[in-house]
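S.K.: Questions regarding the structure given below will be posed in turn.
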Amino acid sequence: MALGAGRPTPQRRAVYAAAALVFAFLMLPLVVILPVSFTSADYLGFPPPGFSLRWYRAYFDDPAWIAATLRSLAIAGAVTVLATLLGTLLAFSIVRGRYPGRAVASQIATAPLAVPTIVYSVAVYGLFSALKIAGQWQGIALAHTVHALPFVVLIMGAALRTVDPAQEQAAMGLGASRLGAILRITLPQLRPALISSAFLAFISSFDEVVLAMFLGGANVTLPKKMFDNIQMEIEPTVAAVAMLQIALAAIVLALAARFGSGARVMN
């Protein structure tokens, strides 16, 4: 090995420094929100004059906050199941299908990523109002499912392209059905992508506020409740809720990393 081969170049140091600055900029709000969530003051302010758990207790003692949280969890859970199932089937259709129009189907599946959320929300509100499901939590779940579907299609499609179809053909040659070959050979190898896409679908629904503002009605979700709280009452409860949201996202990410790592073939 040449002398100094492992030493970073000035260009690499500049890239590391830029990445560190971007990371620090992204983490800066967390440095502010965490102390504010434990403030003893009656208002949002930094630095806090003292530390207290009163705003976490205020969240858990408020039925409105708890109802909004449970509603968001229920909607996000339904979106996770629907988006993961439909997105996986659509990814199989696009990658493994042999029918005309696959490129069009792929573009339609990823179209919600190109449409601004506010435009999509207005269109969905008009449709759901005509169908009499605006203001229902089921309507929010359906709208969130369409919004989360592209993440699943893109991730599962990319992972599916790395799996050799000859493995399924070999399994079918040994007597397995097409569905059995997919369930026992292909899906276990797609487990990391499957769990990652489900995680993204859950987070995209749980944190979505624009669609909830148009479709929620009386069924207020947690992000909508936080938005209303900031408008009506500037109190540190919203900071405590934000920290709980971050903790939930970290837990889900840790579970995804724990159970989504590696690929194996089921016996």
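S.K.: Pull up the range 166-184, narrow it to residues that are open to solvent by less than 70 Å² (accessible area, probe 1.4 Å) and closer than 13 Å to Arg96 by Cβ, then point me to the one that is nearest to the chain's Cα centre (by Cα).
M.R.: Step by step, filter the range 166-184, then rank; the result is Ile182.
S.K.: Being open to solvent by 40 Å² or more (accessible area, probe 1.4 Å) and aliphatic (A, V, I, L, M) narrows it down to one of Ala41, Ala123, Ala141, Ala91, so name that one. Break it down into steps so the answer makes sense when it comes.
M.R.: On the way: Ala41 fails: open to solvent by 40 Å² or more (accessible area, probe 1.4 Å); Ala141 fails: open to solvent by 40 Å² or more (accessible area, probe 1.4 Å); Ala91 fails: open to solvent by 40 Å² or more (accessible area, probe 1.4 Å).
Residue meeting the stated conditions: Ala123.
S.K.: Hey, another quick one. Take the range 44-64 and flag every residue that is touching a residue at least 24 places away in the same chain (Cβ under 8 Å), out of contact with any Asp or Glu (no Cβ under 9 Å at 6 or more places or on another chain) and either open to solvent by 90 Å² or more (accessible area, probe 1.4 Å) or not in a loop (DSSP other than H, G, I, E, B) (or both).
M.R.: Listed by number, the residues that qualify are Tyr56, Tyr59, Ala64.
S.K.: Would you check if there is a residue in the range 97-114 being open to solvent by 40 Å² or more (accessible area, probe 1.4 Å), hydrophobic (A, V, I, L, M, F, W, C) and touching a residue at least 60 places away in the same chain (Cβ under 8 Å)?
M.R.: no
S.K.: Right, another one. Filter the range 205-234 for residues that are of a type in the set (Asp, Glu), touching a helix residue (DSSP H, G or I) at 6+ places or on another chain (Cβ under 9 Å) and either surrounded by fewer than 18 Cβ atoms within 10 Å (Cβ to Cβ) or more than 30 Å from Ala193 (Cα to Cα) (or both) and give the result. If you could, list the steps in order and put the result at the bottom.
M.R.: Kept after step one, since they are of a type in the set (Asp, Glu), are these residues of the range 205-234: 207-208, 228, 233.
Narrowing further to those that are touching a helix residue (DSSP H, G or I) at 6+ places or on another chain (Cβ under 9 Å): 207-208.
Selection gives Asp207 alone.
S.K.: Any idea which residue in the range 126-138 is least open to solvent (accessible area, probe 1.4 Å), counting only those that are in contact (Cβ under 8 Å) with a residue 60 or more places away in the chain and not in a helix (DSSP H, G or I)?
M.R.: If we take residues in the range 126-138 being in contact (Cβ under 8 Å) with a residue 60 or more places away in the chain and not in a helix (DSSP H, G or I), then Gly135 is least open to solvent (accessible area, probe 1.4 Å).
S.K.: Against the definition (open to solvent by less than 20 Å² (accessible area, probe 1.4 Å) and either among the hydroxyl-bearing types (Ser, Thr, Tyr) or touching a His at 6+ places or on another chain (Cβ under 8 Å) (or both)), how does Thr237 come out, yes or no? Please lay out each step first, then the result.
M.R.: Values: open to solvent by less than 20 Å² (accessible area, probe 1.4 Å): yes; either among the hydroxyl-bearing types (Ser, Thr, Tyr) or touching a His at 6+ places or on another chain (Cβ under 8 Å) (or both): yes.
It is true that Thr237 is open to solvent by less than 20 Å² (accessible area, probe 1.4 Å) and either among the hydroxyl-bearing types (Ser, Thr, Tyr) or touching a His at 6+ places or on another chain (Cβ under 8 Å) (or both).
Each row is one residue, and each column tells you yes or no for (1) modelled with pLDDT of 90 or more; (2) within 16 Å of Ala242 (Cβ to Cβ); (3) under 21 Å from the mean Cα position of the chain (by Cα).
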| site | (1), (2), (3) |
| --- | --- |
| Pro29 | no, yes, yes |
| Gly45 | no, yes, no |
| Pro49 | no, no, no |
| Ser52 | no, no, no |
| Thr84 | yes, no, yes |
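S.K.: OK, next. Only one of these is among the aliphatic types (A, V, I, L, M), in a helix (DSSP H, G or I), surrounded by 14 or more Cβ atoms within 10 Å (Cβ to Cβ) and within 27 Å of the chain's Cα centre (by Cα): Ala24, Ala20, Ala67. Name it.
M.R.: Being among the aliphatic types (A, V, I, L, M), in a helix (DSSP H, G or I), surrounded by 14 or more Cβ atoms within 10 Å (Cβ to Cβ) and within 27 Å of the chain's Cα centre (by Cα) holds for just one of Ala24, Ala20, Ala67, which is Ala67.
S.K.: Only one residue in Tyr16, Tyr99, Tyr59 is in contact with a Phe, Trp or Tyr (Cβ under 6 Å, 6 or more places away or on another chain) and within 30 Å of Ser196 (Cβ to Cβ). Which one?
M.R.: Tyr59
S.K.: Quick check on my filter: what residues within the range 144-165 are more than 20 Å from Leu113 (Cα to Cα) and either without any contact (Cβ under 8 Å) to a residue 60 or more places away in the chain or surrounded by 19 or more Cβ atoms within 10 Å (Cβ to Cβ) (or both)?
M.R.: Looking only at the range 144-165, we keep the residues that are more than 20 Å from Leu113 (Cα to Cα), and these are 160-165.
Scanning the range 144-165 gives Leu160, Thr162, Val163, Asp164.
S.K.: Would you mention how many residues in the range 68-115 are among the hydroxyl-bearing types (Ser, Thr, Tyr) and either in contact with a strand residue (DSSP E or B) (Cβ under 6 Å, 6 or more places away or on another chain) or farther than 30 Å from Asn229 by Cα (or both)? It would help to see each step written out before you state the result.
M.R.: Initially, the range 68-115 is screened for residues among the hydroxyl-bearing types (Ser, Thr, Tyr), giving 69, 72, 80, 84, 88, 93, 99, 106, 110.
Checking the rest, the ones that are also either in contact with a strand residue (DSSP E or B) (Cβ under 6 Å, 6 or more places away or on another chain) or farther than 30 Å from Asn229 by Cα (or both) come to 84, 88, 93, 99, 106, 110.
The qualifying residues number 6.
The values are calculated or read from the model by the stated rules, or taken from the named source; none is laboratory data. All values reported here derive from a predicted model rather than from experimental measurement. When we count neighbours, we look across all protein chains shown, and the Cβ atoms used for this are built from the backbone with ideal geometry, even at glycine. Ligands, DNA and RNA are excluded from the accessible area calculation, which covers all protein heavy atoms including side chains. Shrake-Rupley method; radii C 1.70, N 1.55, O 1.52, S 1.80 Å.
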